[in-house]
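Written below as structure tokens is the structure these notes are about.
Values quoted throughout were computed directly from the atomic coordinates according to the rules given, and no laboratory measurement underlies them. Note that the coordinates shown come from a computational prediction; the quantities given were computed from them, not determined experimentally. Because the Cβ atoms are built from the backbone with ideal geometry, glycine has one as well, and the counts that use them run over all protein chains shown.
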Amino acid sequence: MSISKKVRVLVVDDSLLFREAIARGLAGDRGIEVVGTAGDAFEARDKIIELEPEVMTLDVEMPKMNGIEFLKRLMPQYPIPVVVVSAVSDNVFEALNAGAVDFVTKINAVTGTSKETFINELIIKVKIASMAKVGQVKRDISNDRHIGKINSKGNNTIITIGASTGGTQAILEVVKDFPRDMPGVIITQHMPPVFTKMYADRLNNLCHMEVKEAETGDLVLPGSILIAPGDRHMALIKRGNKYLVECFTGDKVNGHCPSVDVLFNSVAEKVGSDAIGIILTGMGYDGAKGLMKMKQKGAYTIGQDEQSSVVYGMPKVAYDIGAVTKQVSLRNIPHLIYSILEDKK
């Protein structure tokens with residue numbers, strides 16, 4: 001990723017050794033300038049005012065005030081893109097809900113994250129975060145809205161969603177009010193292994209529909225949402241009149257595994273005009289060509305608009321190549337889906 005100027009970064013971590021390791025690692029990239037470090041939330045607050053960083057890396061577990069509480073207090077006054085650094089824990093989703101743009105897992109044996117992998121991933125996510133919108137997007141998706149119900153009995157529609165940076169919250173906003181008789185939903189969200197299971201469990205507790213991390217052979221049924229596992233591609237297959245998913249290991253596609261294009265291409269081939277494809281916030285171009293294929297097969301395709309996207313990358317590429325039937329704000333996507341389903345009755 002090429003950028004014209006260095007991204008000014010503040011590193012916040014209570015461990016001096018880890019703080020210095022992150023600072024050195026980030027500073028080793030020509031596109032990043034580490035303008036300061038802080039050991040707790042109060043020191044970080046003062047450094048933000050003094051140094052005006054463009055991005056902050058933030059440890060979740062800190063003394064005096066943890067990273068999540070700090071985010072909740074910070075974002076209304078100083079909306080700054082934040083990349084959370086965390087152990088393997090569902091705390092990352094609390095942090096994302098509080099306003100963080102993305103997260104990176106600390107070096108550990110569970111995910112097999114090495115120091116080099118950790119630093120490289122953090123560099124990429126810091127650069128992406130520097131282009132993210134915060135604050136305004138949060139206000140856009142928090143408005144209350146009323147959504148009616150759809151009876152999917154006899155409806156063969158498959159709803160498929162692809163997202164990356166900012167997608168965990170965006171997906172929740174789309175699906176949280178879907179009723180239990182909604183057509184089946186299949187989702188690819190760029191996310192590391194282990195976390196996709198946590199994310200699916202979290203959605204399951206917040207949604208009317210049943211949500212689970214997908215496994216090969218899972219049926220796509222009304223009232224169910226399947227999330228692609230973090231280290232495998234997910235594709236839709238058809239046996240008789242039933243749809244099910246296949247999850248498999250493979251090379252990265254467009255830099256990702258799971259890849260949105262892999263899912264969208266399979267839906268285009270197997271479902272055709274009975275599908276609805278949705279591409280949400282995220283950096284890069286994964287999903288754009290697959291969405292185009294879906295549209296060419298007669299599916300209705302939806303793209304998130306620029307104003308409501310945390311990162312208007314994937315939706316922009318899809319829109320620019322003509323893959324999007326209609327582009328709308330995040331809060332209007334559920335309304336549009338219901339309208340499409342009504343027309344299919």
For mean projected area of the Cα convex hull in nm², one of (i) 16.3; (ii) 18.3; (iii) 29.0 was computed from the structure I shared and the rest are decoys. Which label? (i)
Spelling out what I want: for every residue of segment 15-30, take phi, set θ = phi - 60°, compute 6.51 cos²θ - 1.76 cosθ + 1.60 (Karplus), and round to whole Hz; glycine and proline get x. 8, 4, 5, 5, 4, 5, 5, 5, 4, 5, x, 5, 5, x, 8, 5
Please state the relative contact order of the chain as a whole percent: Cα pairs under 8 Å, 6+ residues apart? 12
Classified through the alpha carbon gyration tensor (a ≥ b ≥ c as square roots of its eigenvalues; rounded if a/c is under 1.5, else prolate when a/b is larger than b/c, else oblate), segment 7-132 comes out rounded
I'd like the Karplus ³J(HN,Hα) series for segment 268-277: coefficients 6.51, -1.76, 1.60, θ = phi - 60°, whole numbers in Hz, and an x wherever there's a Gly or Pro. 4, 6, 8, 10, x, 6, 7, 9, 10, x
To make sure I understand, if each residue's beta carbon is the centre and we count other beta carbons within 10 Å, what order do T105, T281, T188 fall in, fewest to most? T105, T281, T188
Between S15 and N156, what is the FRET efficiency for a Förster distance of 41 Å, r being their Cβ-Cβ separation, to the nearest 0.05? 0.15
What's the exposure ranking of E20, E54, going from fewest to most Cβ atoms within 10 Å? E20, E54
Lysine pairs in segment 7-132 8 or more apart or on different chains: how many have alpha carbons under 18 angstrom apart? 6
5 angstrom amide H check on T37, placed H, neighbours 5+ away: V11
Within the chain, percent of DSSP bridges classed antiparallel, to nearest 5: 20
Which whole-angstrom value gives the distance between the alpha carbon centres of segment 1-68 and segment 247-268? 33
Between the modelled labels at F248 and I49 (7 Å from Cα along Cα→Cβ) the distance in nm is 5.8
One would report the Cα pair-distance distribution of segment 145-344, bin width 10 Å, in %, as 10, 41, 41, 8, 0
Output the pairs from K212/K326; K252/K316; K6/K197 with a Cα-Cα distance over 27 Å in this structure; if there are none, say none. K212/K326; K6/K197
Students often forget the sequence filter, so: which aspartates and glutamates lie under 16 Å Cα-Cα from K289 once same-chain residues fewer than 8 apart are removed? D261, E269, D320
Under the 0.36 nm per residue contour assumption, what length would be gained going from the current alpha-carbon distance of D201 and I321 to full extension? 39.7 nm
Normalised by the residues of segment 167-284, what does the relative contact order come to in percent, with Cα pairs under 8 Å and at least six apart? 25
